[in-house]
Each structure stands twice: as C-alpha cells, then as structure tokens.
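Asker: Here it is, the structure, as structure tokens.
The values are calculated or read from the model by the stated rules, or taken from the named source; none is laboratory data. These numbers were taken from a predicted model, which means no experiment stands behind them. Cβ atoms come from the backbone with ideal geometry, glycine included; neighbour counts cover every protein chain shown.
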Amino acid sequence: MKEKSNRKSGRQQSIPLDSLKATRKLKVTGKMQQLARDVRQLADQLAVCTRCGMCQANCPLFAQTRKEADVSRGKLVLINGLIDQMFDDAKGVNERLQRCLLCGSCAHGCPSNVNTVEIFLKARVIIAQYLGLSFSKKILFKKILSNPETFNHLMGMVTPFQKIFFKKQDNPQETSCARIASPLLRHRNIVPLKETAFNTTLEGQNLRIQGKSVKVAFFVGCLIDKAFPNIAHSVVDVLKYFDADVFIPFNQGCCGIPAISSGDSETFERLVKINVDLFSREKFDYLVTACATCSSTIINLWPALLKHLDKDLLQQIEMLAQKTVDISWLMEKRFDLSSAISGDENNKKSITYHDPCHLKKSLGIFNEPRQVILASGHELKEMTDSDTCCGMGGTFNLQQYDISSQIGLKKAENIIHTGCSTVATSCPACMMQISDMLAKRQQPISVKHPVEIYAEALFANNKRLDL
C-alpha cells in the first residue's frame, strides 16, 4: 500500500548517494577495462622497447624539463600502465602523451628501432575515442578541415580581417603581433595568412602544365597554400623551367597530421581518401611536396595508420607513398641545377640551413636541400646542431608555448652565431617557429625555403616563367 501511495502522489524514492557513487564507479571501471583492451593492440610494439634510456639523450623536450614522463620511455610506461589498468583516469595519461613534439628524434636514435611516433599517435586515437574530442576540435576537424572546399572558403573570408587583430612588424621575417593582450597570442610573432592563397590562382580548375621531362604531381599543403604561397609558386617556376609535366589538383585536402595528432582518426581517414581520389586521376612519376611534415605523413603515416582499409584503397595509398618525394630531392636527383644559374658575386648571400626533423630524421634527406642552396650561387654556413628540433611540433606550440619557445630560442642563437643573412629550411612549420624566434631577438635574418632561394636565382637571371 505504501509503495502504491507513493506512485499516486508522484514522489520518487531517493537512491542512496553511496549507490550512485558505486554505479558511477562501475561504469568508469567498465570503460577503463575497455580502454585497456583497446590499448592492448599496441602490446607487440611496446614490447620492443628495452627501457635503455637512449631516448633521453635525443629528446628536445626532456632536455628542457628533465622529467621522465616527458621522454619516450616514460610515455611508453604510461601506455603500458593503461593495459595493466594501473590508472583509473585516462585524462592524465592523455595530457602526458600530448606533451610531445612528434619530432621522431627518439625513434631516430633508438637502438631497438621502436616506432614511437606511430605508437603515440595510435594511443592518442584510442584515448580520444574513450574521452571524446573537445567541442572546438570537433568543429575544427570534422566540420572545417575535413571539407577542403569549406576550409579554403573560410580561410579566404578570415584573411582580410587579420589587420584588425594583428599589427604588421617591420622585420625581415614579415611577422605580425597581436593588437590585443590575448593569453594565446600576446607573446607571439605570427606569420600571417597571405592575401592571395595559392589555391585561388588555380581558379577552380586542376592545373596542368605540359612538359617533356619528368611527370610530377604537386601536393601543396595547408601552410604553404595559405601562409607561404610563394613557396608553391617557386616550385611551379622550377618545374616549368626544367620542362616537367605538372599536375596540381584543385581543392586538395590537408595531409591529416593535425587531426591524427589530436586523436581524430575519422577526419584523418577522410582527408586521405579525398587526396587519394584527387591524385589517382592522373599518372605521374613523383608526388612532390615542399613540406617536410606532409612528406613524412604521406610516406610513413598514411600506410601505417590505415591498414584496416580495403585492399584496393590501401594499395593506392601505398603507391602514392612510394612516389612521394621532397622537392629538393627531385631537383638534386633529376635536374641539372648548376647549368641553370651563373654565379654572381654581387648577389651572393651567406645562408645557413636548419634540418627539419620530419625530413632528416624521418626520411633521411639532408644533403639535397644543401645542394639546392649551393647551386643557387650562395655560400652555405653550417650552424651548430642543425638537425636539433626547433620546438614547433604543430599543436605542441599552441599548448606548450613556453617550452616551445625555450627550445626555439636555442635554435635562433645557433642561427645568429653563423652570421648569416638568411636561414633556409624545408618545412613551413619550422619557418613559422624560426621567424617567431628571430623576431623576438630582433635579428635582420630572413627565413626562406631552399626552392624559393633557387627560384629567386632563376628570376635574377631573367629565366622565370609566369604561372
């Protein structure tokens, strides 16, 4: 009767607080058990690590913090801890995994050949599926970045309003500083988006340049397209001069590294499929990029992280990965660079070169960009530790700017000590970081890509061709 009267009166019996906590704990425990099962798929790769500690000597982050959890060995222990269910909350593990430049320095110097970058990316994906992406990342990746046409249109709309928020500085790095005291922007020297992105010059059509020599497809990349379009124009100039047959698809997608580094495998897979579809429409000898990170992502990460796709699509991905080369490699291996430019002592510059981690450590390319610089008629001055990380690391720079700056300022000092007038590097992200650091030091040193330097030499000799 009592139970019946309670229902009639509309009252609900209260559940004891201890029971609610117990139920919640069971749900969390169940999720953690599922997370442990998902992470266990990495067990074979984790087992390769012998805990020797060689990664300590190579990690730029550990050199700053001296924390074991920041080095690869420490992160691998944390991932193993998830498998053994030593933690009841994955959020702290995820925060530690995010404190990584993904530069590959640890893997490059690992005597056991542990593929740490691949392991960390897979772990981030698994944990992101457990924790979920933040609202801002869902919008950025799933609604904007995953749709190249939307992304290009939105960036085109945003660019004219940069002057409201950023003030252009008078320096060789062509950076801007924030007009407002934003916590995110107040200490940064920003490389602004250019008024005319490279993709707008294609006018909605795939660009085809008929030539008689090597057949090349050009993967532009987001940063080059929008922040450094002159690099893309320089690539086209050089390819045209050497009579290459060039194919540049319109509305190319991002290579996917921002999405996968945040654990969004869905957007990563979508972007890869978009690009595979675009570049599979033509036959070519090489897929060339001028971005070290794009090259490394296409060659190493596309095939490694998408093995679950159907056989035909995976075969196309592997074929594109095998054809992908850096522009400096193509120029040095396939073109007679020295025949195109006659030396001019009056225009000779002192140039130093920074090795991007994703080019030298991931792909083994370091001599070719230097040969491009020398073939341009300039003097090459090597800096100390030219292959140490500049501290950019993509989203790491946004989330850990203080540490990123400490690493970057060391790189800036090494550049300054050469007495150069220009520092060259083959990665647009490195260019952004180095520009920021040199601007902080108020140094009159310009930052360029090797292909820009070579194209300028062609132009000086009145051999440039219009797009």
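Asker: Among the listed residues 120, 135, identify the single one that is closer than 26 Å to residue 36 by Cα and loosely packed, with under 12 Cβ neighbours inside 10 Å.
Answerer: Criteria check complete, one pass: 135.
Asker: Moving to a separate point now. Out of all the residues in region 32-62, which are among the aliphatic types (A, V, I, L, M), touching a residue at least 60 places away in the same chain (Cβ under 8 Å) and assigned to a helix (DSSP H, G or I)?
Answerer: Hits for region 32-62 are 35, 39, 42, 46, 61.
Asker: Let me ask you something else. Please determine, by comparing only the residues of region 64-77 that are without any contact (Cβ under 8 Å) to a residue 40 or more places away in the chain and out of contact with any Phe, Trp or Tyr (no Cβ under 9 Å at 6 or more places or on another chain), which one is surrounded by the most Cβ atoms within 10 Å (Cβ to Cβ).
Answerer: From region 64-77, those without any contact (Cβ under 8 Å) to a residue 40 or more places away in the chain are 66-71, 73-74, 77; that's our starting set.
Pick out the ones that are also out of contact with any Phe, Trp or Tyr (no Cβ under 9 Å at 6 or more places or on another chain) and you get 66-67, 69, 73, 77.
Numbers: 66: 10, 67: 12, 69: 17, 73: 22, 77: 16.
Among those residues, the one meeting the criterion is 73.
Asker: How do the helices (runs of 4 or more DSSP H) wholly within region 258-328 filter down when requiring 2 or more residues that are touching a Ser or Thr at 6+ places or on another chain (Cβ under 7 Å) and under 28 Å from residue 369 (Cα atoms): which remain? Spell out how you get there, then give the answer.
Answerer: On the way: elements: 265-279, 292-296, 302-305, 311-323.
Once the helices (runs of 4 or more DSSP H) in region 258-328 are filtered for at least 2 residues that are touching a Ser or Thr at 6+ places or on another chain (Cβ under 7 Å) and under 28 Å from residue 369 (Cα atoms), what remains is 292-296.
Asker: Shifting gears a bit: Considering only residues of region 337-375 that are modelled with pLDDT under 95 and of a type in the set (Ser, Thr, Tyr), which is surrounded by the most Cβ atoms within 10 Å (Cβ to Cβ)?
Answerer: Once the filter is applied, the top-ranked residue is 338.
Asker: Right, another one. So, restricting to helices (runs of 4 or more DSSP H) that lie completely within region 114-228, which ones have at least 1 residues that are in contact with a Phe, Trp or Tyr (Cβ under 7 Å, 6 or more places away or on another chain) and under 30 Å from residue 283 (Cβ atoms)? Break it down into steps so the answer makes sense when it comes.
Answerer: Working: elements: 116-131, 148-158, 162-165, 222-226.
Correct list: 222-226.
Asker: Being closer than 24 Å to residue 365 by Cβ and of a type in the set (A, V, I, L, M) is the filter; apply it to region 296-310 and report the residue that is surrounded by the most Cβ atoms within 10 Å (Cβ to Cβ).
Answerer: So, considering only residues that are closer than 24 Å to residue 365 by Cβ and of a type in the set (A, V, I, L, M), the one surrounded by the most Cβ atoms within 10 Å (Cβ to Cβ) is 298.
Asker: If you don't mind, another one. If you scan region 78-88, which residues turn out to be without any contact (Cβ under 8 Å) to a residue 24 or more places away in the chain and over 25 Å from the mean Cα position of the chain (by Cα)?
Answerer: Once the filter is applied, which keeps residues that are without any contact (Cβ under 8 Å) to a residue 24 or more places away in the chain and over 25 Å from the mean Cα position of the chain (by Cα), region 78-88 yields 81, 86.
Asker: Search region 231-271 for residues being among the β-branched types (Val, Ile, Thr) and over 15 Å from residue 298 (Cβ atoms), and hand back the single one that is surrounded by the fewest Cβ atoms within 10 Å (Cβ to Cβ).
Answerer: 246
Asker: For residues that are among the polar types (S, T, N, Q) and either part of a loop (DSSP other than H, G, I, E, B) or under 25 Å from residue 394 (Cβ atoms) (or both), tally how many sit in region 329-377. Write out each step before concluding.
Answerer: Step one: filter region 329-377 for residues among the polar types (S, T, N, Q), giving 338-339, 342, 346-347, 350, 352, 362, 367, 371, 376.
Filter once more, keeping what is either part of a loop (DSSP other than H, G, I, E, B) or under 25 Å from residue 394 (Cβ atoms) (or both): 342, 352, 362, 376.
Summing the residues that are among the polar types (S, T, N, Q) and either part of a loop (DSSP other than H, G, I, E, B) or under 25 Å from residue 394 (Cβ atoms) (or both) in region 329-377 gives 4.
Yes or no, residue by residue, for (1) at pLDDT 50 or above; (2) within 30 Å of residue 406 (Cβ to Cβ); (3) touching a Ser or Thr at 6+ places or on another chain (Cβ under 9 Å); (4) assigned by TED's automatic domain parsing to the domain that holds residue 100:
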| residue | (1), (2), (3), (4) |
| --- | --- |
| 6 | no, no, no, no |
| 13 | yes, no, no, no |
| 30 | yes, no, no, yes |
| 38 | yes, no, no, yes |
| 48 | yes, no, yes, yes |
| 52 | yes, yes, yes, yes |
| 58 | yes, yes, yes, yes |
| 64 | yes, yes, no, yes |
| 67 | yes, yes, no, yes |
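Asker: Please enumerate the residues belonging to region 167-192 that are more than 27 Å from residue 420 (Cβ to Cβ), hydrophobic (A, V, I, L, M, F, W, C) and free of Cβ contacts under 8 Å to residues at least 40 places away in the same chain.
Answerer: 178, 180, 181, 185
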